[in-house]
Amino acid sequence: MALIVIQFFPITLNESDTVPQSDFMVENQVPATIKNRLQVSCYDCHSNNTDYPWYSKIQPAAWYLEDHIQEGKDELNFNEWAEYSDRRKNSKLRSIISQIEEDKMPLDSYTLIHKDAILSDEDKRVIIDYMTALKDSLE
Amino acid sequence: MKTVKRTIGTMALAAIMVLTVSCKDGNKNEPAAPMSNEMHQESMDDKDNMAMNDNQDAKAVLQDYFKLKDALVETNNDKAKQLGATLASTLGSFDASSYSDNEQQELKDILEDAIEHAEHISESDMAHQREHFKILSKDVTDMVAITGTEMKIYEQFCPMYKNNEGGAWLSMNEEIRNPYFGDKMLKCGKVQREIN
């Protein structure tokens, strides 16, 4: 019964039609391959626009996702990149690099369903090199 | 993020959540971390008690920073978690209103960044606490460059941290007690600068 009732609870969808000027990809010259990897593997939770999976329509998965996305955006929102100070960009880049190096991101619970979000060793190397160069350019 | 069992399938975990929380807000019982922005707004508006206040704020930050540093020297994960949370809230109540516009802007950047690192320290394992502490140390050092300090501080440096990337920290004592390695390499490092 409870499962039926909660289907009618509204949630706020994390969706946006436009890419803001402050986006990471707008501020930085990001090579197409990396752009694509970030979009597929990171942007669902780290931007203002989620490409929602089918199960997001069903409660309680929708709540679980909503919380997750909020948490992800609080931590890092690629759409707001230009609004971060250089100091914080530096910190964010450091975290991006170490999270990928240590296979902490993308989350296992995410790649379990989004197989296309899994980063290959080559993907990781390319992204880490790019982020490291970007970080060095800020220092 | 860390508390979520990542290995469990999304649906399974979600199903458990229904049984344990009856409403969405039920699982938001973490201690309220200070929201940097709100705190700033408040403190910026409050121009009443400026004067000597700011040096006190910087001093409070330094004191909590040193306590955190000592917990890392002891390799005490739980203590460092608690002290990270304490430092985050001390940083959040820093009142920068008596500084010049430029300094306020810079302090705001520094504090925002530092709060984030302190919050991470409050919920991480030892290795991550030390990684965040390294950047936090830079933030606090830059803060001191603006606020000044009454007490004498030593900037110390261990060249071996993170595969020889090295890491600096601040201490009130000249004697080296390494927060990056703890008792594995307690005395690795040297004083690279005396502040004040």
Practice task
Kindly state which helices (runs of 4 or more DSSP H) lie completely within region B:91-196 and contain at least 1 residues that are closer than 23 Å to B:Ala58 by Cα and within 19 Å of the chain's Cα centre (by Cα).
Solution key: B:101-121, B:126-147
Practice task
Scan the helices (runs of 4 or more DSSP H) fully inside region A:82-139 and keep the ones with 1 or more residues being of a type in the set (Val, Ile, Thr) and within 24 Å of B:Ile135 (Cα to Cα).
Solution key: A:86-101, A:121-138
Practice task
Would you be able to say whether some residue in region A:10-26 is part of a helix (DSSP H, G or I) and without any contact (Cβ under 8 Å) to a residue 40 or more places away in the chain?
Solution key: no
Exercise for the section: Starting from region A:66-77, keep only residues that are among the β-branched types (Val, Ile, Thr), then list their pairs with residues that are crowded, with 18+ Cβ neighbours inside 10 Å whose Cβ atoms are within a distance under 7 Å, requiring at least 6 positions of separation or different chains. Expected result: A:Ile69/A:Asn14; A:Ile69/A:Cys45; A:Ile69/A:Thr50
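So for region A:121-133 (the condition being within 14 Å of chain B (Cβ to nearest Cβ), buried (at least 18 other Cβ atoms within 10 Å of the Cβ) and in contact (Cβ under 8 Å) with a residue 24 or more places away in the chain), does at least one residue qualify?
So the first thing to find is which residues in region A:121-133 are within 14 Å of chain B (Cβ to nearest Cβ), and the list is A:132.
If we keep only those that are buried (at least 18 other Cβ atoms within 10 Å of the Cβ) as well, we get none.
Within region A:121-133, none of the residues are within 14 Å of chain B (Cβ to nearest Cβ), buried (at least 18 other Cβ atoms within 10 Å of the Cβ) and in contact (Cβ under 8 Å) with a residue 24 or more places away in the chain.
Residue-wise test of (1) in contact with a Gly (Cβ under 8 Å, 6 or more places away or on another chain); (2) at pLDDT below 95; (3) surrounded by fewer than 23 Cβ atoms within 10 Å (Cβ to Cβ); (4) of a type in the set (Gly, Ala, Ser).
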{"residue": "B:Asp64", "(1), (2), (3), (4)": "no, no, yes, no"}
{"residue": "B:Ala80", "(1), (2), (3), (4)": "no, no, no, yes"}
{"residue": "B:Met143", "(1), (2), (3), (4)": "no, no, no, no"}
{"residue": "B:Glu155", "(1), (2), (3), (4)": "no, no, yes, no"}
Completion exercise
For region A:100-114, pairs from a residue that is among the acidic types (Asp, Glu) to a residue that is outside any loop (DSSP other than H, G, I, E, B), with Cβ under 6 Å and 6 or more apart or across chains, are none
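The values are calculated or read from the model by the stated rules, or taken from the named source; none is laboratory data. What you see is a predicted model, and the numbers here were worked out from it, not measured in a lab. FYI the Cβ positions are ideal-geometry reconstructions off the backbone, even for glycines, and counts take in every protein chain you see.
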